[in-house]
Protein chains: 2
Amino acid sequence: MSARSGSQAGSRAAPEADACALSNDLGWALGVVFRCYLKASQDALADLPGGPRGFQVLAAAARDQHGSQLALAHRLGVDRTVMTYLLDDLEAAGLIERRPDPADRRARRILATARGCEALADAGQRLRAAEEQVLSCLDGEEDRGRFRSLLRRLALHASVADPVRGACDTAAEAIGTDPAGGPVLPC
Amino acid sequence: MSARSGSQAGSRAAPEADACALSNDLGWALGVVFRCYLKASQDALADLPGGPRGFQVLAAAARDQHGSQLALAHRLGVDRTVMTYLLDDLEAAGLIERRPDPADRRARRILATARGCEALADAGQRLRAAEEQVLSCLDGEEDRGRFRSLLRRLALHASVADPVRGACDTAAEAIGTDPAGGPVLPC
DNA sequence: TATTGTTATACTCTATAACTATA
DNA sequence: TATAGTTATAGAGTATAACAATA
């Protein structure tokens, strides 16, 4: 505790000593929070095919009906081969449907079924509860909202900045919209 | 559904989808930011054995000299078998040393070598630059600091709440300390 | 020729199990 | 018997490559 003895601290890599504390490492903190969220959301969505990722696919499918498989994959930043497996599982569970696109017979339009929309609403509630649990140590709506807002800005920025990874369309589009209230969607 | 609003954004995706918009999904945002950070830090630390994770190990080794391999693994929340591989690489590069613990001949004490400390300082600079780049879209020190602080609180909380995953010792210890000035360590 | 979607394959990361040497 | 560390192996997740159908 009298580690302050580092007053001269000259012995080694000194000046930013506390800068190397684990909790000040952005990577460590991000990793911990990310894994924590992952675990919480996996527990919350254990029954949903594909887990948290399946949820995102289902949500995206319900949001923008008529999107192709590839567009969906780009939006979520997953490989198109992974999307095939995810959709296989969701379709087997009767939550989404693949329909041939009359305009381009190579493509399939992804639609959420009525059952899928139900499952989505149900899973969404559980997911929100899990999120609140993860954020529970931030007191009050104020800090939680602030964190969400800052994180959102970072994510949108990152998506736009990384054209390779996809999702940039969505991000670019969303970046110009109202963060908070926003209009409601056809889900 | 989305077709009806084609009025202004004639080209493509539905402009009004917002409440269930991707960017409001905490999991999506966390994933994007996490992967973005991962990529940035991997690029920045490409020459360091083990990449970002190797950096954390090296930093931890330099911080608390004399820690055992297992203690180190717990601290960082990685499996002890993974720690073996990481340390193999770091030792092969001459950045850390494994010394038999005179008090317990089963254990090895992990020490950062002088060269390891140099590499750590050097890599730390590059990592900080990468972090700033990731956070660059938050204007000013104020927002960046706020985000770091909120994230740090979440991470410490998550670490403590998850005794299985380890790292709780560090977290519990750090949680009682001053976030900013903090205790200084022997790095 | 280029693109959508599928399949098979390979690779990376991580976790599990078995082993040793100590305690 | 239990623990620290190592090694080998198996598993999840992801990416790569090749293919069929279509543009």
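Evaluation of A:Leu48 against the conditions (1) within 14 Å of DNA strand C (Cβ to nearest atom); (2) more than 7 Å from chain B (Cβ to nearest Cβ) shows that the sole unmet condition is (1). For segment A:127-138, the count of residues that are more than 30 Å from A:Val33 (Cβ to Cβ) and among the acidic types (Asp, Glu) is zero.
I'm trying to understand the selection: among the residues of segment A:72-100, which are hydrophobic (A, V, I, L, M, F, W, C) and either within 11 Å of DNA strand D (Cβ to nearest atom) or without any contact (Cβ under 8 Å) to a residue 24 or more places away in the chain (or both)? Steps first, answer last, please.
Narrowing segment A:72-100 to residues hydrophobic (A, V, I, L, M, F, W, C): A:72-73, A:76, A:78, A:82-83, A:86-87, A:90, A:92-93, A:95-96.
Of everything in segment A:72-100, those that are hydrophobic (A, V, I, L, M, F, W, C) and either within 11 Å of DNA strand D (Cβ to nearest atom) or without any contact (Cβ under 8 Å) to a residue 24 or more places away in the chain (or both) turn out to be A:Ala73, A:Leu76, A:Val78, A:Val82, A:Met83, A:Leu86.
The set of residues in segment B:36-60 being assigned to a helix (DSSP H, G or I) and farther than 26 Å from A:Val78 by Cβ consists of B:Gly54, B:Phe55, B:Gln56, B:Val57, B:Leu58, B:Ala59, B:Ala60. I'd like to check something: does segment A:149-162 contain any residue that is within 16 Å of DNA strand C (Cβ to nearest atom) and out of contact with any Lys or Arg (no Cβ under 7 Å at 6 or more places or on another chain)? No: segment A:149-162 contains no residue that is within 16 Å of DNA strand C (Cβ to nearest atom) and out of contact with any Lys or Arg (no Cβ under 7 Å at 6 or more places or on another chain).
Do we find a residue being within 16 Å of DNA strand D (Cβ to nearest atom), more than 19 Å from the chain's Cα centre (by Cα) and not aliphatic (A, V, I, L, M) anywhere in segment B:46-65? Scanning segment B:46-65, I find at least one residue that is within 16 Å of DNA strand D (Cβ to nearest atom), more than 19 Å from the chain's Cα centre (by Cα) and not aliphatic (A, V, I, L, M), so the answer is yes.
Taking segment A:102-128 as the region of interest, how many residues are in a helix (DSSP H, G or I) and within 16 Å of DNA strand D (Cβ to nearest atom)? Quick ask: steps written out before the conclusion?
We begin by selecting, within segment A:102-128, every residue in a helix (DSSP H, G or I); these are A:114-128.
Filter again for within 16 Å of DNA strand D (Cβ to nearest atom), leaving none.
Residues that pass the stated criteria total 0.
Residues considered: A:Val33, A:Val78. Of these, the only one that is within 16 Å of B:Val32 (Cα to Cα), part of a helix (DSSP H, G or I) and either modelled with pLDDT under 95 or within 8 Å of chain B (Cβ to nearest Cβ) (or both) is A:Val33.
Taking residues in segment B:129-152 that are within 7 Å of chain A (Cβ to nearest Cβ), and partners anywhere that are outside any helix (DSSP H, G or I) and modelled with pLDDT of 90 or more, the pairs with Cβ atoms closer than 7 Å and at least 6 places apart or on different chains are B:Phe147/B:Leu135; B:Phe147/B:Leu138; B:Leu150/A:Leu138. Can you pull out every residue in segment B:61-75 that is under 21 Å from A:Ala29 (Cα atoms) and part of a loop (DSSP other than H, G, I, E, B)? If the condition is that a residue be under 21 Å from A:Ala29 (Cα atoms) and part of a loop (DSSP other than H, G, I, E, B), then B:Asp64 is the only one that fits.
If you go through segment A:130-141 one residue at a time, how many are out of contact with any helix residue (DSSP H, G or I) (no Cβ under 7 Å at 6 or more places or on another chain) and either modelled with pLDDT of 95 or more or closer than 23 Å to B:Gly31 by Cα (or both)? Residues flagged as out of contact with any helix residue (DSSP H, G or I) (no Cβ under 7 Å at 6 or more places or on another chain) and either modelled with pLDDT of 95 or more or closer than 23 Å to B:Gly31 by Cα (or both) within segment A:130-141 amount to 3. Number of residues in segment A:103-125 that are within 16 Å of DNA strand C (Cβ to nearest atom), small (Gly, Ala, Ser) and in contact (Cβ under 8 Å) with a residue 12 or more places away in the chain equals 2.
The values are calculated or read from the model by the stated rules, or taken from the named source; none is laboratory data. Treat the numbers as computed from the prediction; the structure is a model and nothing was measured. Glycine also receives a Cβ, built like all others from the backbone with ideal geometry; neighbour counts cover every protein chain displayed.
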